[in-house]
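Here's the structure, in structure tokens; my notes come after.
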């Protein structure tokens, strides 16, 4: 078990689904990606950078964050989404 800096257990969907019926690898990968993105958002909330572009430090518009809460960048840097 790995504990994140904010005290949450690390999410490892492979161990969670162990012993359960097989799931398509694409589905598991998508779930893991989403959970990892949520973990990154929680860390940005903890350190106070949630509403800030991770590339240029510009503020991210609240309307954009409401539409996509996992957003990590401003419109000028869509590569981070």
request  = Run residue 11 past the list (1) under 13 Å from the mean Cα position of the chain (by Cα); (2) modelled with pLDDT of 60 or more and report the number of the one that doesn't hold.
outcome  = (2)
Residue in the range 45-58 that is farthest from residue 69 (Cα to Cα), counting only those that are in contact (Cβ under 8 Å) with a residue 24 or more places away in the chain and loosely packed, with under 15 Cβ neighbours inside 10 Å = 55
query = Within the bounds of the range 42-57, is there any residue that is in contact with a strand residue (DSSP E or B) (Cβ under 7 Å, 6 or more places away or on another chain) and modelled with pLDDT of 90 or more?
reply = yes
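The values are calculated or read from the model by the stated rules, or taken from the named source; none is laboratory data. Since this is a predicted model, take the numbers as computed values, not measurements. Glycine also receives a Cβ, built like all others from the backbone with ideal geometry; neighbour counts cover every protein chain displayed.
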